[in-house]
1. Considering each residue of the range B:204-228, count those that are more than 11 Å from every other protein chain (Cβ to nearest Cβ) and more than 19 Å from residue B:22 (Cα to Cα), and give that number.
2. Just name the residue that is surrounded by the fewest Cβ atoms within 10 Å (Cβ to Cβ) out of those in the range A:177-220 that are in contact with an Asp or Glu (Cβ under 8 Å, 6 or more places away or on another chain) and outside any helix (DSSP H, G or I).
3. Collect the residues in the range A:56-70 that are hydroxyl-bearing (Ser, Thr, Tyr), more than 25 Å from residue C:237 (Cβ to Cβ) and in a helix (DSSP H, G or I), keeping them in residue-number order.
4. Residues in the range C:217-246 that are farther than 21 Å from residue C:8 by Cβ and either touching a strand residue (DSSP E or B) at 6+ places or on another chain (Cβ under 9 Å) or β-branched (Val, Ile, Thr) (or both): how many?
5. Can you tell me which residue in the range C:185-215 is farthest from residue C:27 (Cα to Cα), limited to those that are more than 7 Å from chain A (Cβ to nearest Cβ) and of a type in the set (S, T, N, Q)?
6. Could you list all residues from the range C:92-111 that are assigned to a helix (DSSP H, G or I) and touching a residue at least 24 places away in the same chain (Cβ under 8 Å)?
7. Taking the range A:221-258, which residues are surrounded by 19 or more Cβ atoms within 10 Å (Cβ to Cβ), at the interface with chain B (Cβ under 9 Å from one of its Cβ atoms) and part of a helix (DSSP H, G or I)?
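The values are calculated or read from the model by the stated rules, or taken from the named source; none is laboratory data. For clarity, every value in this text was computed on a predicted model and none was experimentally measured. Glycine also receives a Cβ, built like all others from the backbone with ideal geometry; neighbour counts cover every protein chain displayed.
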Amino acid sequence: MVIGVIGALVGIYLANYLNSATGTAWFSFIAALGAILAVYYGADAVRRVASYGLGTGVPSIAMLSIGAGQIAVLLGLAVAKNYGVEVAGPVIVLILAAIIGLVNGVMARRVIKMSITVLEMSMTEIAMAASLLILGFSTAIAGSFKFNPIMSYVVASGFIIAVFIVGGMAMFHPFNACLGPDERQTRTLHLALATGFIAMLVAGIAAGAINGVQAAVPTLIVAIAGWVIYYLRFYADTKQDAAAMLSTGLIPLEEEVA
Amino acid sequence: MVELGALTLVGAAALIAGVAEDLESDVGSQSNPNSQVQLAPQMGYLHRLYNKAISGEPASYPFYAAIGAATALSVLSVTGNDSLIGVFFALVAGAFVTALIHGVYATTSYMGRLASQSRFGQPIYLDVLRTHTPVLMAHGFVANFSVLLLTWVLIAQHLSPFPFVVLAFIWGIALGGVGSAVGDVHLGTDRYYQDRPYGSGVNAAHSGSVVRKAESGLRNSIDCAWFCSKFGGPLTGLGFGLVVYLHFWKEVVVKDWWSAVAGIIIVMIFVIMNTYLERYSRQRYGTYKEEIEAE
Amino acid sequence: MFDLLLWVWIILGGILIGAGVHFIPVGGAPAAMSQATGVGTGTTMLAAASGLTGLIGAGTAYYTHPGDFAYTIVLGGLSAALMISVLGFIANVMYVYGAGVPLASAKVKYDPISKWRQDLYVSRGTEGHGTPMASFISGIIGAFLAGAGGALVYFALVETYKAIPGFSATFGGYPAPYYVSLAAAFAIGIFFLNCVMASYNIGGTIEGFHDPKFKRIPKSIAASLVVSAVGGLFALLISVMLPGGI
């Protein structure tokens, strides 16, 4: 949890201040790296809660939290702008996301009476991870985390919905893709990092529309390199875990399976 | 009149999107019938089918549409959206990048799910991965491009005020919903259980015993897409095409509150058609049990 | 400025969305194998699909008639109902001709609306197949409620954000103003919030208003009320926080 939250916040702040200090957009990719740490944290939280058996499937909890998270992001930045404390924007976002996540969790546990003991804590965590994820990728696209650029560049163009669904998918796909009795945490989290880098790729493409080559090129290069590394690790994990990895073949007979 | 012509193009693109979407979900065995493919190794039926579990079609099609729309917007910000050819190539570029990401997600799902079933002895077949993934990428490309095209035409004709990415996202969810409701039944009831008699639902006791031996050789998911292209695919296309076309038809042909009246009339027509269909199915097919047995 | 009436519209919209999810007949994964009555998708996603199509209808209605409350809501609901009626009908065509099964439900002996016999037409080992008359009508009602709820949320958000100075600007050469983009994004978010809460309440599949699980609807109304209130409050406070505009 600590790595996820602190790492994401560090990434977002670094990107914003390096960008404004140099007056360019070369450092936007650092925010996306912070967002990938938030994806890692979120995927781990989804894995913990989904192991209990949600009944409606894994995607639903991530979609709920990301839908709530994006409202928290924009309100947090607006509050920061109104009170003149733009520098505290991401922290306010985190607090508001925790509030909305806690409300969702309490409603799901106490009113709807879902019988998962860790639901309140998990929903709070997933909402925090989701909001940091949206803020991180939006900062990578817009170049800074102040309200005006995020509104004009990310929301008005509709890129926030792209971040919404790509980020949400990056959070729940790892556990959903590794669902089964032999699921292993390391393999799932390697996949989470790989899908996080794909989300960074999409954010890089969108950043190219806003800030041109300066934002797009470092983001795309780091995204592709990171994806290759973690996808190959996932492939190696799969080779180790699978019953057999055959280049081709017929269905094994009963005797061969035992 | 221009609007009605553009709307016909939108309806045609929606039809193609529906067909391609259903066939893509059949090659990848996504969504609902995938529960049977997932269950099969546990019941001892090892298979050579694809197992793509990217969360079900109504959640993965908005994903593709949003990525495609974001990429198309990026390309257009460089080239400018004045010329028709420029827009066309931007949409193609968007669909292409999405197809690559789609392929990556599909391979991770196949490898991940099958590796988590290692205790049942289900092997991962790399040739299934190599042959099926490009096919589903191609179908996904066609479906995604059609969704992007229809969204673009709707926005250019001022039929919807939403931004490009948001509208593509919503039509993606609608496409996934229609594809999941209509096309998956043909795959799940007919093709996966082709050895059972036609004309009955799948008995719960037979869950997991999907057909694994095909007409010639072992069954794979590309065979399933061939079968479903005879009925399931086109019907899904008809469904989604009707959804999109009628949705805007009632606003283009008549204006203001008459659109609401037209909407109510269309809903009532479908209710009447459904009544006739239900009565026809009962009279034609008859009962499964006799009255005495049921008492 | 913070308008209490608009907050009430968002809460009411959220409640309608949650209630609408309970009416739409969903068979889940078994329905694709003709083992359960209803449409073969997940609860959340089918309600989201029909309700968001209603949102498109509401968006177009507000665009052509800005500020017209009744027109937006009615057209939003009707667009969603139209989508579900087409979807349900085409799915039934698939069941009758593709799977060769009559439409029947195993949970009631006589259909509440058509009064036709059900249990004799259910194949052995299944819980029904297709979407018979009562489930179909229930789906249309549910989609209308979900679409109207989404339209209410969208209307409230657009009215709030239109008043912020500077929000009529657009991005690039595209026609969507800031307030429409923000309202649409938040409407989608609040939609998913309520749909998922309602689907947690249903816990799997439901056949419509004649299903015993339908009696759980008060819990969903309470949960949707609180969740939409908090979400709506956060969304409306943005306009309070930006008196000077952008």
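1. Residues that pass the stated criteria total 5.
2. Across the range A:177-220, the extreme among qualifying residues is A:184.
3. Within the range A:56-70, just A:60 meets the criteria.
4. Matching residues across the range C:217-246 total 1.
5. Looking at the filtered set, the residue picked out is C:194.
6. Matches in the range C:92-111: C:92, C:95, C:96, C:99.
7. Answer for the range A:221-258, where residues must be surrounded by 19 or more Cβ atoms within 10 Å (Cβ to Cβ), at the interface with chain B (Cβ under 9 Å from one of its Cβ atoms) and part of a helix (DSSP H, G or I): A:227, A:231, A:234, A:237, A:238, A:241.
A quick yes/no check of all residues on (1) closer than 19 Å to residue A:57 by Cα; (2) facing chain A (nearest Cβ under 7 Å); (3) in a loop (DSSP other than H, G, I, E, B):
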| position | (1), (2), (3) |
| --- | --- |
| B:49 | no, no, yes |
| B:52 | yes, no, yes |
| B:62 | yes, yes, no |
| B:65 | no, no, no |
| B:75 | no, no, no |
| B:99 | no, no, no |
| B:107 | no, no, no |
| B:119 | no, yes, no |
